[in-house]
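What follows is a single structure, and I will ask about it in a moment.
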Amino acid sequence: MPDTGAPRVLRKEDHRFLTGRGHYTDDLNRPGQLYAAFVRAENAHAKLNAVNVEAARKAPGVVAVFTGKDMEADGVGSLPCGWVVTDKNGSPHKAPPHWPLARDKVRYVGDHIAVVIAESIMQARDAAELVEVDVEALDANANPAKALEGAPAVHDDAADNLCYDWELGDKAAVDEAFAKAHHVSKMELKNNRLIPNAIEPRAAIGEYDPGTDEYTLYSTSQNPHLLRLILCAFVLNLPEHKVRIVAPDVGGGFGSKIFCYAEETVCTWAAKKVGRPIKWTAGRDESFSSDAHGRDHVTHAELAMDQDGKFLALKVDTIANLGAYLSSFATAVPTYLYGTLLAGQYKTPAVHCNVKGVFTNTAPVDAYRGAGRPEATYVIERLVERAARDMKMDPAEIRRRNFIQPNEFPYQTPVALTYDSGQYELALDEALKMIDYQGFPQRRQESERKGKLRGIGFSAYIEACGIAPSKVVGSLGAGVGLWESGQVRFNATGSISVFTGSHSHGQGHETTFAQVVAERFGVPVENVDVVHGDTGRIAMGMGTYGSRSLAVGGSAIVRACDKIVEKGKKIAAHMLEASVDDIEFDAGTFRVAGTDKQKSIGEIAFAAYVPHDYPEDVEPGLDETAFYDPANFTYPSGVHIAEVEIDPDTGETKIVDWVAVDDFGKVVNPMIVEGQVHGGIAQGVGQALLEECVYDEMGQLVTGSYQDYCMPRADDLPSFRVAMTETPCPHNPLGAKGCGEAGAIAAPAALMNAVTDALGTDEIAMPATREKVWRVAQARLTPAAAE
């Protein structure tokens, strides 16, 4: 494998985290601070007849109690969905209002009814129990597969529970190809619902300054500028320059902290009403019930092939659960982030996808690590594995036979995207070598001698990262641009401050961005400070999601560095008495070409702030800002292979080996990238074997705590073996593609393909828990035993 050559710099931010010196939202306390506790719906679907708050208002320490009527009286708006999806009939999706505090109905367990604000958190919680909520319970609709079959309507203005009926691709071409097919492989697939479970629960502190008429919101947000935009433009109707959002250290997000939530909205609004700061931190039970969940698809997929196993066409029909309300980007995840990836790494000539987004009486569903891409990869790679089994072909060979070849890029897929680069066979070959694929039959026999079942599974994934360009996504319904900003400031003494609109909540930006700048300017990494997460210090930005930070945010920083160099050349030319055209810059030094006359970048920075010997037509200072709007998505790809051994007597699935060969383009810090891959795989393993959010028929959350929702632990995971190929992205200055979601995208399909290979049947759905596996294994070995 090629050595990336990039330095494995230890993460600068880890010292404060490992020594307990991080500053998270719940660590912050403002003078005169009050505490909020929310009264939440216990019914999944009910009409609100009355909310009596008098007893709560009289409780010790209570300062105020507010309901939806109070917010309605102040003209507070609905929490918006930021992406308009146009369905196949040309109509925009249905968008029922989502009030921060419910006004007429509650629509899922955990919905917000009232907020109690008190001097202490315990007083607020005690008083919240005194709020009397009179409801008329209604039948619930909690099963997405049945939502369109006459289930109770979640919203009156979506009586059939259909948010949109969306399609992509050429249906006629697909039908024609199917009519000529030698074989069609079919699958019914469920992509199980997940609860994000970031290590830090969501939290917010709203503060109002009557002297300046300014608001400050401290929030566990991945996206502080977008949160400010939504609050100001759509919900609270405030001037944007009067609102500051601070997202300090954030303990993980995985997508669930992108969105604008009711709690931070209420705390911001109520801070002015009571004249004091208000703090709220979610209990883990609140996180389970009210954080935006992920996945939750029910899919029927078919793949048509010729007699040689060449793919002719793919058709996919999916019901996507959107929950009770539309979260900030809920509509885009099962459409433009899912359907557009259904070509995978393959040159399937025709693809058609139909997605029906449905409302149910469950928590809102939105982006969760991978956001549409894991769902697409799961459909494709499970179906390709089934096709290999149907056609009696080697699963590696059927993939190889259908891969897009390097000389075919740029490659226009039948589902809108144009892939710019890739070497798919190279990753497959390396993965096969690393897993010792040739030796697998012998290992399987050894397992059989021990009474165990062994299986191997593939996942050849591709994802689209750094959603862009803004013009294109705008035409598809996005409500914002998807550029990023970067500011680079040389200080007079030679240190550098970098301000980025990307937000770090585990990705290592403070190290990676510092490496990019340090390498560009030839200065020590220690001399570069990275600032993020504060709209009061960074003019504008679009946040972190979709593996965009380095490819988009890093590219903006590179462009700002380029501006610094260009200005530095003018200053150096003056100081060295040379023409600007003769000035070269390399490794932190400006020199006159062909001579030994030179100035360090530190000397140039000092001259810029102490301009005694300075060109008259150049402004003092060395501080530049740049915006970067990508020309296209980036397309990371790779091959993961999982090998498992199953004990049919206990149902235990042991992952005995896992190799991941990924192409992330140019890599800045391999250590950080490997960590991202490991974390993503761990989450994918959790989905495949352990995790599932379950609601009963009445819409009650059955898996409302860790007692019932199983997270992966260290002993559930193998020692992952990770390698990388390198095909640089051709359209951004770093050549980077994005790495944060790859593991979560590839892992579920690889692991489920291995499990089904071991069991000898595809008839098992995620999560493949010990009980499910035991029943299938027993049915295979002794059919009567699983009865």
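The values are calculated or read from the model by the stated rules, or taken from the named source; none is laboratory data. A quick note: this is a predicted structure, and the numbers were derived from the prediction, not measured. Positions of Cβ are backbone-derived with ideal geometry, glycine not excepted, and every protein chain shown enters the neighbour counts. Ligands, DNA and RNA are stripped out before the accessible areas are found, and what is left, the full protein with its side chains, is counted by its heavy atoms. Shrake-Rupley method; radii C 1.70, N 1.55, O 1.52, S 1.80 Å.
Does at least one position in segment 604-622 carry a residue that is touching a Lys or Arg at 6+ places or on another chain (Cβ under 6 Å), in a loop (DSSP other than H, G, I, E, B) and of a type in the set (Val, Ile, Thr)?
yes
Separate question: Can you tell me which residues in segment 459-477 are open to solvent by less than 20 Å² (accessible area, probe 1.4 Å), at pLDDT 90 or above and farther than 25 Å from Glu674 by Cα?
Val473, Gly477
Checking the conditions here, which among Ala177, Ala181 is touching a residue at least 60 places away in the same chain (Cβ under 8 Å), farther than 26 Å from Arg276 by Cβ, in a helix (DSSP H, G or I) and open to solvent by 10 Å² or more (accessible area, probe 1.4 Å)?
On the way: Ala181 fails: in a helix (DSSP H, G or I).
Result of the check over Ala177, Ala181: Ala177.
From the list Ala376, Ala396, Ala320, pick out the single residue that is within 30 Å of Val106 (Cα to Cα) and open to solvent by less than 10 Å² (accessible area, probe 1.4 Å).
Exactly one residue qualifies, and that residue is Ala320.
Being within 22 Å of Glu408 (Cβ to Cβ) and basic (Lys, Arg) narrows it down to one of Lys392, Lys315, Lys347, Lys356, so name that one.
So the residue among Lys392, Lys315, Lys347, Lys356 that is within 22 Å of Glu408 (Cβ to Cβ) and basic (Lys, Arg) is Lys347.
A further question follows. Looking at Tyr635, is it of a type outside the set (Val, Ile, Thr), under 30 Å from Pro239 (Cβ atoms) and under 38 Å from the mean Cα position of the chain (by Cα)?
Against the criterion (of a type outside the set (Val, Ile, Thr), under 30 Å from Pro239 (Cβ atoms) and under 38 Å from the mean Cα position of the chain (by Cα)), Tyr635 does not qualify.
For (1) surrounded by fewer than 24 Cβ atoms within 10 Å (Cβ to Cβ); (2) under 23 Å from Val639 (Cβ atoms); (3) not assigned by TED's automatic domain parsing to the domain that holds Asp366, each residue gets a yes or a no:
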{"site": "Gly309", "(1), (2), (3)": "yes, yes, no"}
{"site": "Val316", "(1), (2), (3)": "no, yes, no"}
{"site": "Tyr325", "(1), (2), (3)": "no, no, no"}
{"site": "Thr331", "(1), (2), (3)": "no, no, no"}
{"site": "Pro334", "(1), (2), (3)": "no, no, no"}
{"site": "Gln345", "(1), (2), (3)": "no, yes, no"}
{"site": "Thr348", "(1), (2), (3)": "no, yes, no"}
{"site": "Val351", "(1), (2), (3)": "no, yes, no"}
{"site": "Asn354", "(1), (2), (3)": "yes, no, no"}
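Among the numbered criteria (1) open to solvent by 60 Å² or more (accessible area, probe 1.4 Å); (2) over 30 Å from Gly251 (Cα atoms); (3) in contact (Cβ under 8 Å) with a residue 24 or more places away in the chain; (4) in contact with a Ser or Thr (Cβ under 9 Å, 6 or more places away or on another chain), which one does Asp529 miss?
All conditions are met except number (2).
With Ile199, Ile195, Ile230 as the choices, which residue is open to solvent by less than 20 Å² (accessible area, probe 1.4 Å), closer than 30 Å to Gln707 by Cβ and not acidic (Asp, Glu)?
None of the other options fit; the residue is Ile195.
Suppose we filter Ser555, Ser600, Ser579, Ser547 for residues that are surrounded by 24 or more Cβ atoms within 10 Å (Cβ to Cβ), modelled with pLDDT of 95 or more and among the polar types (S, T, N, Q); which single one remains?
Ser555
Please enumerate the residues belonging to segment 548-603 that are hydrophobic (A, V, I, L, M, F, W, C) and touching a residue at least 60 places away in the same chain (Cβ under 8 Å). Reasoning before the result, please.
Just the residues of segment 548-603 that are hydrophobic (A, V, I, L, M, F, W, C), to begin with: 550-552, 556-558, 560-561, 564-565, 571-573, 575-576, 578, 580, 583, 585, 587, 590, 592-593, 601.
Hits for segment 548-603 are Leu550, Ala551, Val552, Ala556, Ile557, Val558, Ala560, Cys561, Ile564, Ala587, Ile601.
Going by the structure shown, is Asp623 surrounded by 13 or more Cβ atoms within 10 Å (Cβ to Cβ), of a type in the set (Asp, Glu) and in the same structural domain as Phe499 (by TED's automatic domain parsing)?
yes
Then there is this: Would you check if there is a residue in segment 567-575 being outside any helix (DSSP H, G or I), in contact with a strand residue (DSSP E or B) (Cβ under 6 Å, 6 or more places away or on another chain) and surrounded by 20 or more Cβ atoms within 10 Å (Cβ to Cβ)?
No: zero hits.
Moving on. Can you go through Ala605, Ala642, Ala593, Ala587 and tell me which one is in the same structural domain as Thr493 (by TED's automatic domain parsing) and open to solvent by less than 20 Å² (accessible area, probe 1.4 Å)?
The conditions single out Ala605.
While we're looking at this one, here's another question. Please find, within segment 184-235, the residue that is farthest from Ser502 (Cα to Cα) out of those that are part of a loop (DSSP other than H, G, I, E, B) and free of Cβ contacts under 8 Å to residues at least 40 places away in the same chain.
Applying the filter and picking the extreme gives Gly211.
Collect the residues in segment 478-517 that are open to solvent by 40 Å² or more (accessible area, probe 1.4 Å) and charged (D, E, K, R), keeping them in residue-number order.
Arg489 - this is the single residue of segment 478-517 that is open to solvent by 40 Å² or more (accessible area, probe 1.4 Å) and charged (D, E, K, R).
Among the residues of segment 699-734, how many are surrounded by 15 or more Cβ atoms within 10 Å (Cβ to Cβ), more than 24 Å from Asn43 (Cβ to Cβ) and not aromatic (Phe, Trp, Tyr)?
So the count comes out to 17.
Which residues, counting only those in segment 645-678, are over 21 Å from Leu426 (Cβ atoms), open to solvent by less than 10 Å² (accessible area, probe 1.4 Å) and part of a loop (DSSP other than H, G, I, E, B)?
Pro648, Gly651, Asn669
Having 1 or more residues that are at pLDDT below 95 is the bar; report the helices (runs of 4 or more DSSP H) wholly within segment 1-88 that clear it. Step through it out loud before you land on a result.
On the way: elements: 14-18, 54-57, 68-73.
The helices (runs of 4 or more DSSP H) meeting that bar are 14-18.
If a residue must be within 26 Å of Lys88 (Cβ to Cβ) and of a type in the set (A, V, I, L, M), how many such residues does segment 350-391 contain?
Residues that pass the stated criteria total 11.
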